[in-house]
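Notes to accompany the following structure.
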């Protein structure tokens, strides 16, 4: 019975086009690995295995990618199946599908593809860490006023801020590696849902496809999508965190704040206002990160409340969304790293702002508590009284204001010279004395940068190892077919 023209137009044609783009290469890898395993286990004769191997190798994949959907078959699998049968005869071609189903093939294809997306996203995150780390290393002594609740709060350094971003990206990297490990298990051999009576070797197909090993329960191998949800969740956390940073960077680019200047290659001018240097690269990055976040959030929405089994909601219509979500994520993250690589900071303006609006006054309270024995709550009150008194008694020396506030609120005699107070309340002193682990003091930040660089090297090596493992599996699969 032919398919409905509306079903063909609205569903099957779209799915066929998506599968050609996203799943043809994984499908062919599965064909090769499964064939090699069947022959090695004696399930398919060597003679038939060689005929199948040659048919697979002779397939014109470029022609497959250019094929138009005609409605003569259900999907790409059956289209390719027909080409194999035409090359070596239906009796031989039919043996390739022994001990497998489209179900376990599909789930295996999705994991093969998802792990490539994860590796690409890891590459983008590592690149952003590398770019931000190099930028931070140039600004360990660049002081500016950090904000809390959008108001100037305390002085810190650009390196301290960027290290906070880098540490978050480091945690993102760990989550993405964990998602890769969850993804990199092989469902092939679960068949429709209960496995098979044939003596297959799931470890062998796992080896030939570069998986760490087979999945467990055959029902769960077909039904579960938690590996995908974990991957989308890890990606979403990365996107959300970096998007918040981009919002800060765009604020820093405003004329009013004027902290950050992007290089000419990442700005655009106005068609009417000659003075404009619009930081559009960061705007595009923000849009891409937000778009990708929404796409990642759509993944659990699509599988929510679907039956626990083989169901199209988690398959044909979901995979294009997964593909575009990871593509947009990689674009956005990579763009942030590239944009910031050559960015410049107005260090003079930033330092000047760090001396305004009493952003160093916490150090007065700290000094009163640390050196003069006041409870911090009382010291905080003294510092707050000084701020108010300065407005009302602008001509009074700061030394006298501190002495009066300490006497009135804490009943103690505190004598600090104006020169000592000036040093105490300088942004440089504020930064230098904050040597807490993870703090902004330049040597502390420098040590953190060294640790971050070492971790970046470790994660880069791990990514390289994962890529090499996949390349080794490709080579092993080719050798296995050669030996038939």
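The values are calculated or read from the model by the stated rules, or taken from the named source; none is laboratory data. Since this is a predicted model, take the numbers as computed values, not measurements. In this analysis, Cβ positions are derived from the backbone assuming ideal geometry, glycine residues included, and neighbour counts consider all displayed protein chains.
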Original post:
Are any of the residues in segment 339-358 without any contact (Cβ under 8 Å) to a residue 12 or more places away in the chain, under 30 Å from residue 237 (Cα atoms) and surrounded by fewer than 21 Cβ atoms within 10 Å (Cβ to Cβ)?
Top reply: no
**OP:** Among the numbered conditions (1) touching a residue at least 12 places away in the same chain (Cβ under 8 Å); (2) within 17 Å of residue 36 (Cα to Cα); (3) surrounded by 13 or more Cβ atoms within 10 Å (Cβ to Cβ), tell me where residue 94 comes up short.
**Re:** (1)
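Matching residues to (1) assigned to a loop (DSSP other than H, G, I, E, B); (2) touching a residue at least 60 places away in the same chain (Cβ under 8 Å); (3) within 24 Å of the chain's Cα centre (by Cα):
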position: 180; (1), (2), (3): no, yes, yes
position: 188; (1), (2), (3): yes, yes, no
position: 194; (1), (2), (3): yes, no, no
position: 197; (1), (2), (3): yes, no, no
Original post:
Here are some conditions: (1) under 25 Å from the mean Cα position of the chain (by Cα); (2) surrounded by fewer than 17 Cβ atoms within 10 Å (Cβ to Cβ); (3) assigned to a loop (DSSP other than H, G, I, E, B). Residue 316 meets all but one. Which one does it not meet?
Top reply: (2)
Original post:
Hey, among the residues in segment 295-305 that are without any contact (Cβ under 8 Å) to a residue 60 or more places away in the chain and surrounded by 14 or more Cβ atoms within 10 Å (Cβ to Cβ), which one's farthest from residue 233 (Cα to Cα)?
Top reply: 302
Original post:
Do any helices (runs of 4 or more DSSP H) lying entirely in segment 342-401 carry at least 3 residues that are in contact with a helix residue (DSSP H, G or I) (Cβ under 8 Å, 6 or more places away or on another chain), and which ones are they?
Top reply: 362-372, 376-392
Original post:
Across segment 18-62, what is the total count of residues that are farther than 24 Å from residue 201 by Cα and either surrounded by 22 or more Cβ atoms within 10 Å (Cβ to Cβ) or in contact with a helix residue (DSSP H, G or I) (Cβ under 9 Å, 6 or more places away or on another chain) (or both)?
Top reply: 9
Original post:
If residue 51 satisfies every condition in (1) at pLDDT 95 or above; (2) within 12 Å of residue 28 (Cα to Cα) but one, which is the exception?
Top reply: (2)
Subject >> Residue list for segment 270-294, filter: surrounded by 13 or more Cβ atoms within 10 Å (Cβ to Cβ) and in a loop (DSSP other than H, G, I, E, B) >> reply: 277, 279
Original post:
Looking at (1) surrounded by 13 or more Cβ atoms within 10 Å (Cβ to Cβ); (2) modelled with pLDDT under 95; (3) farther than 17 Å from residue 29 by Cβ, which is the one condition that is false for residue 70?
Top reply: (1)
**OP:** Looking at (1) surrounded by 15 or more Cβ atoms within 10 Å (Cβ to Cβ); (2) closer than 25 Å to residue 326 by Cα, find the lone condition where residue 10 falls short.
**Re:** (1)
